[in-house]
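Before any comments, here is the structure.
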Amino acid sequence: MRSGAAIGLESVTFSYGETPMRFDFALPASSIAAVMGPSGSGKSTLLNLIAGFEKPASGRIRIGGEDVTELAPARRPVSMVFQENNLFAHLDVFSNVGLGRSPSLALSGDDRADVTEALARVGLEGKERRLPRELSGGERQRVALARVLVRKRPVLLLDEPFASLGPALRQEMLDLLRELHAEQGMTVLMVTHHPEDARAIAGKVVFLEDGTVTAVGDTPAFFSDAGPKSFRRYIGR
Amino acid sequence: MNAPRATDRRVLAGILALGVVAILVGGAFAGLAVEAARDWSGAVSAFDPYLMRVARFTLWQAVLSTLLAVVPALFVARALARQAHFPGRALILRLFALPLALPAIVVALGVLALLGRAGIFADFLSAIGGGRWQGIYGLSGILVAHVFFNLPLAARLFLLALETVPADQLRLAGQLGMGARSSFRFVEWPVLRAALPGVAGLVFMLCITSFTIVLTLGGGPRATTLEVAIYQALRFDFDPARAVALTVLQIVLTAVVVILLMRVGANMSGDANLQVAARVPVSTSGTEKAFNFLLIAAALAFVAGPMAATVIAGLGADLARLAADPAVHQAILTSLVLAALSAFLCVALSTALVMARRAMELKRPAGKTPGIVEKALDTGASFVLVVPPIVVGAGWFILLRQTGQVFAIAPVMVVAVNAVMAMPFAIRAIRPAHDAASARHEKLCAALGISGLARLRLVDWPTLRRPLGTATAFAMALSLGDLGVIALFGSDAVQTLPYLLLARMGAYRTADAAGLALFLGILCLVLMLVADRTGKARG
């Protein structure tokens, strides 16, 4: 099993328009954490900071002990899956996955074999030449996961990746994600609004309110009667 | 943030493009300033009653043209929106796109072929008017031609606005049993009203800076606009002082109009075409249906008339002789080369501006207002609408007058001025596609490390091919049909097709002119068609 990398945010501050945000927490390597919290609490911003799409005003971000604060997104040991727009609409499935190996699409024979294997792993065998618009929403997210596989980065960030899928499809994708995690062992941070997502796959919950992490803990504890009050209020219990 | 070097390169290219535009416009202003300083009293004394009358007429014809084009367009657009499904609707919309592709001089000849003294309707008009029909010159000719250009344009823009009405709102209106009147009041009019200032402003600007139509259809000093007067002052009266006065007045006039339009919130450079879901069929009553189709048919006749007349008159010419005429060959070749260069320059400059603006927008922290450079990249190009080609041409003409190289510089002026003039339109074609693609791809490219040439090849080129093709074709057609700059700088040495056409018209070789107009019109249309096809081939 490959292994993930620990994530640490040390006094990271960021201001988005009017709202000042401050993040200070750590996650052990190879854990799966559900990032939860009300709308506007900074869940996506947190992921964007770790991925490098946003730059903190102050503080450090460490991945696997290394300071990545100044690194460009592509140079960080991170893959990210968005809710939408994970694929280039004019490129076929194979190319979209291949870009995860080479940003200029210069693929060796081994790379090609890896791409084909990754696509088979996510259940898209034989759909290499399809264009994204010829796929269902669930299939498109599978392509994104196949790219995650060929990139082999120790951290995987998912920003409401399955929000636009139906319940059965979402369950399938969660199962696939759990399997991929079992194989690659990457550290996973997934933004979700659904408590059942967290209970299904996440060992930990990171709870945000008003631009700051107010609680981090094990999922069973969070969902028990002894869980944080604000979290229980948020999920309606 | 991400890939800072690539971002800086994009911004640098945009600033460079802005510099080219600034030099072109600045050089023209320098020419005017130098001349005004040299002959100050001459320029001041040129502000005489005649000049004021010309200014008044310029405004008056633009106001009338705008009213006559925009008000009917509101109803034509509404009719087309409400009759969303009938055979030929798509064809009509395509036909409505044609006038924009047609050179003004071709349209002028089409109007003359239809309504001129020897036009197709001349006998009919003589019969109902009593006495010999004198032909449609002067204000009425100008108005007919302007409405021909702008009614379909305005109708299409309004239709676009109407298509932004959410489908659910239409369903709701149907469920509430709204008839034609109340759905106009509650559903259609609010959208149209929002689009009105922008559309009317665009049409007004096009009419106030219209040169070719007034030159060819305006009759004598009674129906002359500032632009035509500038041309006459430079080419016939050799009176640069008067040209300076006229040019200053034209700039002030257009600047005032632009400022007023910006106050009411009109977007001079146009905005993204919103993507729309399939239209919900609106159920219309029998009378409304009849009224709608009558309206559409009338608009169709008005737009198709001059085009058909151009074809008929053109076919009447001795086409075989024209096709064998070396002067025609030379003019076509000159036109094509200049137009291709102009289109290339236009698209390169426009793309640089679009990319630079977006790059700066991405770099800017959220919530911060854009800085001056970003604003200049944003609206800089649309300001060329304030300085029409004739004004830029006049400035450079005056500046270069003493060098004796005025006519040698003709090709450069035609290419550069037409390129810059087409920029607002090219940007309108490129920017929505570019920015939408950027919104989808920017993060992904950053995450995967796709930048530089790889990004251009794999991401930008495939998504921008089509709008770039459209922009190129549009810029080329615009340049191909332009008579403004070449009218000033043209000579026996450098003749474009429109210039040759004007010369034949001036020599009363009407049949030749009609034949050449047919050539020119077909050339522009084929260009549009080819680009449209290649653009669509892989999308």
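The values are calculated or read from the model by the stated rules, or taken from the named source; none is laboratory data. Here the structure is a predicted model, which is why all the values come from computation and not from measurement. Glycine gets a Cβ as well: all are built from the backbone with ideal geometry, and neighbour counts include every protein chain shown. Note: areas computed on protein heavy atoms with side chains; ligands, DNA, RNA excluded. Shrake-Rupley method; radii C 1.70, N 1.55, O 1.52, S 1.80 Å.
One equal scatterer on each Cα of the range B:41-314, no solvent, Debye formula: the resulting log10 I(q)/I(0) at q = 0.10, 0.13 Å⁻¹ is -0.61, -0.93. Remark on chain A: hydrodynamic radius 18.3 angstrom, per the Kirkwood mean of 1/r across alpha carbon pairs.
Near A:THR214, the amide H atoms lying under 5 Å from its own belong to A:PHE207, A:LEU208, A:GLU209; only residues 5 or more places off or on other chains count, and H is placed 1.01 Å from N. The lysines whose alpha-carbon is closer than 30 Å to the alpha-carbon of B:LYS443, local same-chain residues fewer than 8 away aside, are A:LYS43, A:LYS55, A:LYS127, A:LYS152, A:LYS204, B:LYS363, B:LYS368, B:LYS375, B:LYS536.
Counting Lys and Arg as +1 and Asp and Glu as -1, each charge on the Cβ, what is the dipole of the protein assembly as shown about the Cα centre in debye, to the nearest 20?
Details: 73 positive and 54 negative charges, 118 e Å.
The dipole magnitude comes to about 560 debye.
On a C-alpha basis, how far is the centre of the range A:138-178 from the centre of the range B:97-149 in Å? Whole number, if you could? Here the answer is 65 Å between Cα centres. In plain terms, the bigger the Kirkwood radius, the slower the diffusion; for the range B:307-386, with that radius from Cα pairs, at 4 °C and 1.567 mPa s, Stokes-Einstein puts D at 77 µm²/s. Surface listing: B:ILE312, B:ILE372, B:ILE136 arranged by accessible area from highest to lowest gives B:ILE372, B:ILE312, B:ILE136, probe 1.4 Å.
Hey, what D do you get for the protein assembly as shown in µm²/s if you plug the Kirkwood alpha-carbon radius into Stokes-Einstein at 10 °C and 1.306 mPa s?
On the way: Rh = 29.8 Å.
Roughly 53 µm²/s, to the nearest whole number.
Measuring only protein heavy atoms, the 1.4 Å probe finds A:ASP114 accessible over about 50 Å². Taken along its principal axes, the alpha carbon cloud of the range A:102-237 reaches lengths of 54, 28, 26 Å, longest axis first. Check each residue of the range B:418-452 and keep those whose accessible area, probe 1.4 Å, is at least 10 Å² smaller with all protein chains in place than in the chain alone; give them in order of residue number. Residues passing the criterion (a loss of at least 10 Å², heavy atoms only) are B:ARG440, B:HIS441, B:LYS443, B:LEU444, B:ALA446, B:ALA447, B:LEU448, B:GLY449, B:ILE450.
When chains A and B come together, the accessible area they lose, probed at 1.4 Å and totalled over both chains, is close to 1900 Å².
Accessible surface area normalised per residue over the protein assembly as shown is 43 Å², counting heavy atoms of protein chains with a 1.4 Å rolling probe. Normalised by the number of residues in the range B:41-314, the mean separation of alpha-carbon contacts (under 8 Å, six or more apart) gives a relative contact order of 35 percent. Between B:LEU176 and B:PHE293, the FRET efficiency from the beta-carbon distance, with R0 = 22 Å, is close to 0.30. In chain A, Cα pairs under 8 Å separated by at least six residues give a relative contact order of 30 percent. Rg and Dmax, both from the Cα atoms of chain B and both in Å, are 24.0, 78. Shown for the range A:35-83: residues covered by the partner protein chains by 30 Å² or more of accessible area relative to the chain by itself (probe radius 1.4 Å), namely A:PHE53, A:PRO73, A:ALA74, A:PHE82.
Ranked from the most accessible area to the least, with a 1.4 Å probe and all protein chains present, what is the order of A:HIS193, A:HIS90, B:HIS85? Each step should come with its number before you reach the end.
Numbers: A:HIS193 75, A:HIS90 50, B:HIS85 130 Å².
Result, largest first: B:HIS85, A:HIS193, A:HIS90.
Give me the compactness ratio for the range B:282-427, meaning the Cα radius of gyration over 2.2 N^0.38 Å. Write out the running numbers ahead of the final one.
Numbers: Rg = 23.4 Å, N = 146, 2.2 N^0.38 = 14.6 Å.
Its radius of gyration relative to the 2.2 N^0.38 Å reference: 1.60.
Across the range A:166-173, rounded Karplus estimates of 3J(HN,Hα) from the backbone phi angles (6.51 cos²θ - 1.76 cosθ + 1.60, θ = phi - 60°) give x, x, 5, 5, 5, 4, 4, 5 Hz, Gly and Pro being marked x.
For the protein assembly as shown, carbon and sulfur atoms together expose 62% of the accessible surface, with a 1.4 angstrom probe and every protein chain in place. Across chain B, C-alpha contacts under 8 Å between residues 6 or more apart give a mean separation that, scaled by the residue count, equals a relative contact order of 25 percent.
Just to confirm the filter: which chymotrypsin sites (Phe, Trp or Tyr not before Pro) across the range B:483-527 are DSSP coil and have at most 13 other Cβ within 10 angstrom of their Cβ? Those satisfying the criteria are B:TYR508. Rounded to the nearest Å, what's the spacing between the alpha carbon centres of the range B:283-320 and the range A:5-66? Just the number, please. One Cα centre to the other: 63 Å. Among the GluC sites (Glu not before Pro) within the range A:24-122, those in coil by DSSP and having at most 10 neighbouring Cβ atoms inside 10 Å are A:GLU70. Tell me the mean residue ellipticity at 222 nm calculated for chain B from its helices only (DSSP H runs of n ≥ 4, each -39500 (n - 2.57), averaged over every residue, nearest 500). The helix contribution divided over chain B gives -25500 deg cm²/dmol. Summing Cβ point charges (Lys, Arg +1; Asp, Glu -1) relative to the Cα centre of the range A:85-152 gives a dipole of roughly 200 debye. Averaging 1/r over every pair of different alpha carbons in the range A:85-152 and inverting the result gives a Kirkwood radius of 11.4 Å.
What's the local net charge at B:ALA79, with K and R +1, D and E -1, over the other residues with C-beta under 12 Å away?
Numbers: positive: B:ARG78, B:ARG82, B:ARG89, B:LYS289; negative: B:GLU188, B:GLU288.
With Lys, Arg at +1 and Asp, Glu at -1, the net is +2.
With every protein chain in place and a 1.4 angstrom probe, the accessible-area ranking of B:ILE120, A:ILE235, B:ILE427, largest first, reads B:ILE120, A:ILE235, B:ILE427.
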